[in-house]
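Report on the structure given below.
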Amino acid sequence: SAQPAPRAPARARLLLLVCCPAFRAGFARLFGGDTAEQWRFAGSGPEPPAPPQESEDQAGAWADEGPLLAALGWFALLCVEGSAEAAAGPRLSVAPAASLPKGAPLLACGSPFGAFCPDIFLNSLSRGVLSNAAGPLLLTDARCLPGTEGAGVFSARGALVALVAAPLCWRAREWVGLSLLCAADALLHAAAHALGRLGSPAEARLLASLLPPEEPPSPPLLPELGAAWTAAVLVECGSVWGSGVALAPRLVLTCRHVAPHEAKRVLVRPAAPKSSPVWGKVVFATQDTSPYDVAVVKLEENLRGIPFPVLATHFHEGEDVCVVGFGAFGQACGPSVTSGILSAVVEVKDAPVMLQTTCAVHGGSSGGPLFSDLGELLGIVTSNTRDNSTGATYPHLNFSIPVTVLEPALEQYRQTGDLQRFGELDRPGEQVRVVWRLQRVPAEPPRSKL
Amino acid sequence: MGRRWGLALAAGERAGCVVSARGAERPGAEAEGPWSCSGVLLSRSAGLVLCHGGIVAPFLRAGAGVLQPGAGPSFLGAESCRDDLRLHVQWGPGRGAGAGARAGPRGALCTPPC
């Protein structure tokens, strides 16, 4: 290669270790409270770390599984000895994390496996979106690998947004496919304050100079994603919860396994800010024998302030898509946004019957909307993938029901209140059943030449 | 990746670095570490680098327990780590196996044929 290799390693000294208190508070709120759904974090490999031997504070999330995990949320400020580089060059800019909406594109730039083979791995790039945020605790679906702890995550404009706190995480031993970040502005603010207390005013001033000016209060939820995205709702049905999508003021679509027909009442919590929860009842759910895992909820009151999505009529393999759902966190911090592409459109008799995407989809996302880049509703998510022989879950291979399958029944219901056409979802052809059982579509029998 | 990401690419390449920590060799004892992670070069002229704190946790005089939530302050000075801590920072430019690529053991990572 003609490209120059990395510089030789330079000696550095530690100035301080700092953690962001607001990050830790957000962490405790999101990950520390539910002992039933053990969150685990690791930087050592793709397998979930073994559970702790004894119960620990914070539901095991702070378990001592190596130095990187013991210090989750702690960052080190170093000073390279001698002059790092005389040339000034472009100045690093820092973007306030609160200014980024969910779904904003991000670029992570880190070194997988740390100091292992930097001439090959230094500054490896990974693209994703801001999936969720709880104060300075951010989540991204950019794929980050062990060794990228501490890596910078940048906005499309090139401003530093966050540093990677934990590249891999699991919930209930299921790989979530999101990386945990700490907002750079909050971290630098904490570091500058600490340096001032430690008697290093020059470095404190330098850090403070990197900080962006104070911004007004955070922007409204999900503005960049298009108004349609606020149609995602949390559906609670007894002890079960999942996601859904509002299609009309009193109409919500979700999955049968989230809101089965026997359910008397369900509570629908909109994602839109300042929207109140609304009770509803399941007016239709497909039979257990149907491959289409769908339920229709009729609400007792109108949902307000939600622009309802336009239904897609066509699907384009390879197009940019995103899933909005309450997977992983429930109502703890609003819906998560994960990005990817439409990886497959499976058709039977020239009609789409199944969509697959590369978005990260977790338990709790079922029923959530799958949107195109233009904000059209492509389908509703029903499942991700599990290998029963190994128990491994693959969040980046998931299945959705195309909205074109549901559209005729939805249209009739919206116009007349008649649910009759939904019954057709219980009577799909055998080829559709075969597809959803992940079996091969049988070839047409050979025609007789007689 | 393309024009849309040009600014982010440039910023990442310029700020990205890798940090390693190890204990100084002592007579009769193997050196601790190395531990390593990624980092961000905040200021090239001042040589300020921010990285994950975990790589220095094994060198804390009071043990990594001081990092647990509620265990102490939200920052620790340099004196909280042992004197034998040795830190190194490596940064770009560049990708690809250049002239500076060092021969030697590559640890446990390999490239199995798919």
Checked segment A:142-163 for anything part of a strand (DSSP E or B) and facing another protein chain (nearest Cβ under 7 Å); matches are A:G152, A:F154, A:S155, A:L160, A:L163
Considering residues that are within 20 Å of B:A24 (Cβ to Cβ) and surrounded by 23 or more Cβ atoms within 10 Å (Cβ to Cβ), the number found within segment B:54-75 is 5
Selection over segment A:265-291 where residues are of a type in the set (D, E, K, R), surrounded by fewer than 17 Cβ atoms within 10 Å (Cβ to Cβ) and under 16 Å from A:G242 (Cα atoms) yields a count of 2
Picking from A:L130, A:L139, the residue that is within 14 Å of another protein chain (Cβ to nearest Cβ), closer than 27 Å to A:T230 by Cα, within 13 Å of the chain's Cα centre (by Cα) and of a type in the set (A, V, I, L, M) would be A:L130
Taking segment A:180-205 and keeping residues outside any helix (DSSP H, G or I) and either under 36 Å from the mean Cα position of the chain (by Cα) or of a type in the set (D, E, K, R) (or both) leaves A:L180, A:L181, A:C182, A:A183
Reported set for segment A:164-181 where residues are in contact (Cβ under 8 Å) with a residue 60 or more places away in the chain, more than 11 Å from chain B (Cβ to nearest Cβ) and of a type outside the set (V, I, T) is A:L168, A:C169, A:W170, A:R171, A:A172, A:R173, A:E174, A:W175, A:G177, A:L178, A:S179, A:L180
Selection over segment A:170-179 where residues are assigned to a strand (DSSP E or B) and more than 17 Å from A:W74 (Cα to Cα) yields a count of 4
Is it true that A:L168 is under 24 Å from B:A21 (Cβ atoms) and either in contact with a Lys or Arg (Cβ under 7 Å, 6 or more places away or on another chain) or modelled with pLDDT under 90 (or both)?
yes
Test for B:G33: is it facing another protein chain (nearest Cβ under 7 Å), of a type outside the set (A, V, I, L, M, F, W, C) and within 12 Å of the chain's Cα centre (by Cα) = no
- Query: Taking the stated definitions as given, is A:F23 within 12 Å of chain B (Cβ to nearest Cβ), at pLDDT 90 or above and either under 23 Å from A:F329 (Cβ atoms) or under 20 Å from the mean Cα position of the chain (by Cα) (or both)?
  - Reply: yes
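Every residue, every condition in (1) modelled with pLDDT under 75; (2) more than 10 Å from chain B (Cβ to nearest Cβ), yes or no:
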position: A:R29; (1), (2): no, yes
position: A:G32; (1), (2): yes, no
position: A:Q38; (1), (2): yes, yes
position: A:E47; (1), (2): yes, yes
position: A:A63; (1), (2): yes, yes
position: A:G66; (1), (2): yes, no
position: A:V80; (1), (2): no, no
> If you check A:A184 against the conditions, is it facing chain B (nearest Cβ under 9 Å), buried (at least 21 other Cβ atoms within 10 Å of the Cβ), of a type in the set (G, A, S) and closer than 30 Å to A:G364 by Cβ?
Replying inline: yes
In segment A:292-311, anything surrounded by fewer than 19 Cβ atoms within 10 Å (Cβ to Cβ) and under 27 Å from the mean Cα position of the chain (by Cα) is listed as A:R304, A:G305, A:P307, A:F308, A:V310, A:L311
Subset of segment B:43-53, residues buried (at least 24 other Cβ atoms within 10 Å of the Cβ) and either of a type outside the set (A, V, I, L, M) or touching a residue at least 24 places away in the same chain (Cβ under 8 Å) (or both), comes to B:V49, B:C51, B:H52, B:G53
The residue from A:Q53, A:Q58, A:Q3 that alone is at pLDDT below 65, in contact with a Phe, Trp or Tyr (Cβ under 8 Å, 6 or more places away or on another chain) and polar (S, T, N, Q) is A:Q58
For A:T358, the lone unmet condition from (1) crowded, with 18+ Cβ neighbours inside 10 Å; (2) under 25 Å from A:G280 (Cβ atoms) is (2)
With the structure loaded, tell me whether B:C17 is at pLDDT 75 or above, more than 7 Å from chain A (Cβ to nearest Cβ), under 17 Å from the mean Cα position of the chain (by Cα) and within 19 Å of A:L125 (Cα to Cα) or whether it fails that test. yes
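The values are calculated or read from the model by the stated rules, or taken from the named source; none is laboratory data. Values in this document were obtained by computation on a predicted structure and should not be read as measured data. Cβ atoms come from the backbone with ideal geometry, glycine included; neighbour counts cover every protein chain shown.
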